[in-house]
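One structure below.
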Amino acid sequence: MIELTPLGLFAVAGPVGKAVLVLLALVSAYAWVLIAEGVFVTRRLARAVEQAEQGAEPALLASMTKAGGGEASSHLAGETTGEVRLRIEDAMLRAARRIVEEAESGLTGLAITASAAPFVGLFGTVWGIIGSFAGIAHAGDTSLATVAPGIAEALAATAFGLAAAIPAMVGYNRLGRH
């Protein structure tokens, strides 16, 4: 009898099915790490912006302050005050972009996971159904006992694919919104 747990479904899967399930479990774990990291970085960045708005100088934004200060301290001959301001603003914006790019670095991994995991799961589903048909051909029998292992493998692959894709998509959308 097939045990309807992730480990039970893994146990009845063939080698290809097991490889698909392991890959999807690893990808799901990777997505959860990226989500946790994204939440941490987003909160940290929000706190730093809040502190800056209150007049403090948070360490996270120090590269912006340093970039602006560096531009403010350099003087170019014949440069107007407006040009100095633009140069300072440009330097600070470049530093801010680097901070935001670093904060958003996990979004690509979440997007890839959200888009690819269902297809990997679908591959496992198709492979499990092929296994069921092969079982029917080998046994010459269409009983449930003949097709159940392949169908269980197929459904497990589908479930694992969705278990990886859904949190990754939700995480991507929630973190990308900030």
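The values are calculated or read from the model by the stated rules, or taken from the named source; none is laboratory data. Note that the coordinates shown come from a computational prediction; the quantities given were computed from them, not determined experimentally. Cβ atoms come from the backbone with ideal geometry, glycine included; neighbour counts cover every protein chain shown.
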Would you pick out the residues in segment 146-178 that are within 21 Å of L7 (Cβ to Cβ) and more than 31 Å from the chain's Cα centre (by Cα)?
-> A148, P149
Could you say whether any residue in segment 111-128 is at pLDDT below 90, over 17 Å from the mean Cα position of the chain (by Cα) and either closer than 23 Å to S63 by Cβ or small (G, A, S) (or both)?
-> yes
Tell me, which helices (runs of 4 or more DSSP H) wholly within segment 1-117 include 3 or more residues that are of a type in the set (D, E, K, R)?
-> 15-53, 81-103
Hey, among A168, A145, A134, which residue is in contact (Cβ under 8 Å) with a residue 60 or more places away in the chain, farther than 11 Å from L21 by Cα and not charged (D, E, K, R)?
-> A168
Mind checking which residues of segment 33-57 are loosely packed, with under 15 Cβ neighbours inside 10 Å, under 27 Å from G171 (Cα atoms) and of a type outside the set (V, I, T)?
-> A36, F40, R43, R44, A46, R47, E50
Which residues, counting only those in segment 58-85, are farther than 30 Å from R44 by Cα and surrounded by 14 or more Cβ atoms within 10 Å (Cβ to Cβ)?
-> V84
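Taking the condition within 30 Å of R177 (Cβ to Cβ), surrounded by 12 or more Cβ atoms within 10 Å (Cβ to Cβ) and hydroxyl-bearing (S, T, Y), does S115 pass? Don't jump to the end; show me each part of the working.
Values: within 30 Å of R177 (Cβ to Cβ): yes; surrounded by 12 or more Cβ atoms within 10 Å (Cβ to Cβ): yes; hydroxyl-bearing (S, T, Y): yes.
It is true that S115 is within 30 Å of R177 (Cβ to Cβ), surrounded by 12 or more Cβ atoms within 10 Å (Cβ to Cβ) and hydroxyl-bearing (S, T, Y).
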Would you mind telling me which numbered condition in (1) of a type outside the set (K, R); (2) more than 25 Å from the chain's Cα centre (by Cα); (3) surrounded by 13 or more Cβ atoms within 10 Å (Cβ to Cβ) E89 fails?
-> (3)
